[in-house]
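Undergrad: One structure, as structure tokens, below. Some questions next.
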Amino acid sequence: MEKERQIETKCVQEGYEPENSAPRVLPLYQSTTYKYNTCEQLADVFDLKENGFMYSRLGNPTCSALEKKVASLEGCTSALSFSSGLAAISMSVMNVCKAGDNIVSLSEIYGGTYNLFNVTLKKYGIETRFINSKSSKKDIEKLIDGNTKMIFAETIANPSMAVVNFDMLSEIASEHKILFAVDNTLATPILVRPKEFGANIVIHSSSKYLDGHASSIGGIVAECGNFVYSKERYPEFNEPDESYHGIVYCRDFKDCAFTVKLRAQMLRDFGCCMSPFNAYLTNMGIETLHLRMLRHSENALKVAEFLKKHEKIEWVKYPGLKDDAEHKIASKYFKNGFSGMVVFGIKGGRKAALEFMNNLKLMAVVTHIADVRSCCLHPATTTHRQLSDSDLKACGVSDNLIRLSVGIENVEDIIKDIAAALDKA
Ligand SMILES: *Cc1c(COP(=O)(O)O)cnc(C)c1O
């Protein structure tokens, strides 16, 4: 058998194989519908007997190429694209949970995800039992019961920078036969591939590094194909789906059961599909992901080292720093670098934080991270504004916390900009 291609090659080429004389570049299929020669052929596609596209809410060739590429980068069997990262997370939870079920999640997660779990899903009867990066195996196991359907974590939390203990969570998940889902947005498969550390589902906000240019909102769910859905905990995967002529996801789709159910039920009924244009741009972004992640990581380390020595800085968190609290655990899982996010606390609290940010010239103050341009945010007054003080604490956000997303500009220019703004703060 041909040796599998390396990840850099996959970033550039995977997902689209042009036929003779077809366009070399993945085409943008900006079409809602697809033509079939006979009614019977179309009916077979509707019954999931034939692979094919019927309507772009449920699948589109440009989106499909992107899905194949991300599945391959993550070492997964299949993937599905969504209109946003939060749509991808919501649908993944709802793919396994109904009212009365629960999930166990790290509390140190993206603010939007925390709100989804803590407030919105609760209204629909899906409970989240929060743990934190200090919780022991015993603490976590106490929260698990017969209705626990998922354990959720982020590879590296935004913005607390906690690195997930894959070994412990995957051990708990596999002992209790619970699905382990990991949001790998900030690490990307270039730095960490969660499947190698026991994850069953890998989720991305492709709005971040995958797109990489801050042009397209999107989300992707990839299935590792390494999970056995027990009949007791996951009856919906093992019993006929009456809304789909009695197909049985595990029996009929094996290591793609999660993805097929996600498409057939969640995308069909909730409709939060990725637009083909966003898939086209995201695919193009991924063509340089392997180069960008190295430079983001290299620049971020230099910025973190600079901040560490600066007198106006109270503390710095970056898992690449040798004396960082997360360095040891991060070194176990990360390859090629520690990504582009640096978080620090400035002396002088909220006031100094805002002064510093208002004096930046190169770094823009934006509600975004993980694109080529360096940018900066004060979570307590923006993304995490709706959270109470105790919720802020649970997410690991303090009043003087500033989040930098270090871009791929020349690092000396980035540091010069930070130094000048610190002088004025
Ligand atoms: C941005 C982000 C999300 C949400 O993604 P959207 O595409 O903005 O919906 C989820 N998880 C992480 C880690 C993120 O950074």
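Undergrad: What FRET efficiency comes out for the pair D139/H213, r = Cβ-Cβ distance, R0 = 51 Å, nearest 0.05?
TA: Working: r = 41 Å, r/R0 = 0.80.
Efficiency, rounded to the nearest 0.05: 0.80.
Undergrad: Enumerate the amide H contacts of A187 below 5 Å, restricted to partners 5 or more residues apart or on another chain; note that Pro and chain-start residues carry no placed amide H.
TA: Sorted by chain and number, the residues that satisfy this are I156.
Undergrad: Using label points projected 7 Å from each Cα along Cα→Cβ, tell me how many nm separate V228 and S243, to one decimal.
TA: 2.9 nm
Undergrad: Would you tell me the accessible area of E40, worked out with a 1.4 angstrom probe on the heavy atoms of the protein chains, in Å² to the nearest 10?
TA: We get 130 Å² for E40.
Undergrad: Could you tell me the accessible area of C39 in Å² (1.4 Å probe, neighbours in place), rounded to the nearest ten?
TA: Surface open to solvent at C39 totals about 110 Å².
Undergrad: Also: Calculate the spin-label point distance for E50 paired with E175, positioning each point 7 Å from the Cα along the beta-carbon direction, and give it in nanometres.
TA: Those two pseudo-labels are separated by 5.0 nm.
Undergrad: Distance check, please: which entries in K351/K424; K122/K195; K134/K335; K312/K332 exceed 20 angstrom between their Cα atoms? Don't skip to the answer; put the middle values down first.
TA: Numbers: K351/K424 12 Å; K122/K195 29 Å; K134/K335 24 Å; K312/K332 32 Å.
With Cα atoms farther than 20 Å apart: K122/K195; K134/K335; K312/K332.
Undergrad: Rounding to the nearest 20 debye, state how big the charge dipole of the stretch 290-424 is about its Cα centre with +1 on each Lys and Arg Cβ and -1 on each Asp and Glu Cβ. All intermediate terms of the calculation are to be shown ahead of the outcome.
TA: Values: 21 positive and 17 negative charges, 32 e Å.
About 160 debye.
Undergrad: Moving on to the next point. Calculate the spin-label point distance for D255 paired with T381, positioning each point 7 Å from the Cα along the beta-carbon direction, and give it in nanometres.
TA: 5.1 nm
Undergrad: Now for a separate question. Which whole-Hz couplings ³J(HN,Hα) result when phi for each residue of the stretch 378-390 is put into the Karplus expression 6.51 cos²θ - 1.76 cosθ + 1.60, θ = phi - 60°, listed in order with x for Gly and Pro?
TA: 10, x, 4, 9, 10, 4, 10, 4, 7, 7, 6, 4, 6
Undergrad: Run the dipole for the stretch 144-198 about the Cα centre, Lys and Arg Cβ at +1, Asp and Glu Cβ at -1, nothing else charged, and hand back the magnitude in debye, nearest 20. It would help to have the intermediate numbers written out before the result.
TA: Details: 4 positive and 7 negative charges, 34 e Å.
Here the stretch 144-198 has a charge dipole of around 160 debye.
Undergrad: As an exercise, use a Förster radius of 45 Å and the Cβ-Cβ distance of E19 and N132 to find the FRET efficiency, rounded to the nearest 0.05.
TA: On the way: r = 51 Å, r/R0 = 1.14.
Result of the calculation: an efficiency of 0.30.
Undergrad: Can you work out the accessible area per residue across the stretch 7-285, with the rest of the protein chains kept in place, probe 1.4 Å, in square angstrom? All intermediate terms of the calculation are to be shown ahead of the outcome.
TA: Values: 11330 Å² over 279 residues.
Per residue, the stretch 7-285 has an accessible area of 41 Å².
Undergrad: So, with a 1.4 angstrom probe, what is the percent of accessible area on the chain that is carbon and sulfur?
TA: Details: 9800 of 18610 Å².
Carbon and sulfur atoms account for 53 percent of the accessible area of the chain.
Undergrad: So if R0 is 51 Å, what FRET efficiency would K332 and Y36 give, r being the distance between their Cβ atoms, rounded to the nearest 0.05?
TA: Working: r = 51 Å, r/R0 = 0.99.
Result of the calculation: an efficiency of 0.50.
Undergrad: So what are the three principal axis dimensions of the chain from its Cα atoms, in whole Å, longest to shortest?
TA: Principal-axis extents of the chain (Cα, largest first): 72, 57, 41 Å.
Undergrad: Using θ = phi - 60° and the Karplus curve 6.51 cos²θ - 1.76 cosθ + 1.60, what whole-Hz ³J(HN,Hα) does each residue of the stretch 136-146 get, with Gly and Pro shown as x?
TA: 8, 4, 4, 4, 6, 5, 4, 8, 8, 9, x
Undergrad: Enumerate the calculated ³J(HN,Hα) couplings along the stretch 323-329 in order (Karplus 6.51 cos²θ - 1.76 cosθ + 1.60, θ = phi - 60°), each rounded to whole Hz, writing x wherever the residue is Gly or Pro.
TA: Karplus values, whole Hz, x for Gly and Pro: 9, 6, 4, 9, 4, 5, 5.
Undergrad: When only Cα pairs under 8 Å and 6 or more residues apart are kept, what is the percent relative contact order across the chain? Walk me through the intermediate numbers first.
TA: Values: 834 pairs, mean separation 71.7, N = 425.
After rounding, I find 17 percent.
Undergrad: Okay, next question. Highest GNM mean-square fluctuation, the chain, Cα pairs closer than 10 Å: which of F338, F258, F237?
TA: Most flexible of the set in this elastic network: F237.
The values are calculated or read from the model by the stated rules, or taken from the named source; none is laboratory data. Everything numeric in this text was worked out from a predicted model, so none of it was measured. So basically every Cβ, Gly included, is an ideal-geometry build from the backbone, and we count neighbours across all protein chains shown. Please note that ligands, DNA and RNA were not included when accessible areas were found on the heavy atoms of the full protein model with its side chains. Shrake-Rupley method; radii C 1.70, N 1.55, O 1.52, S 1.80 Å.
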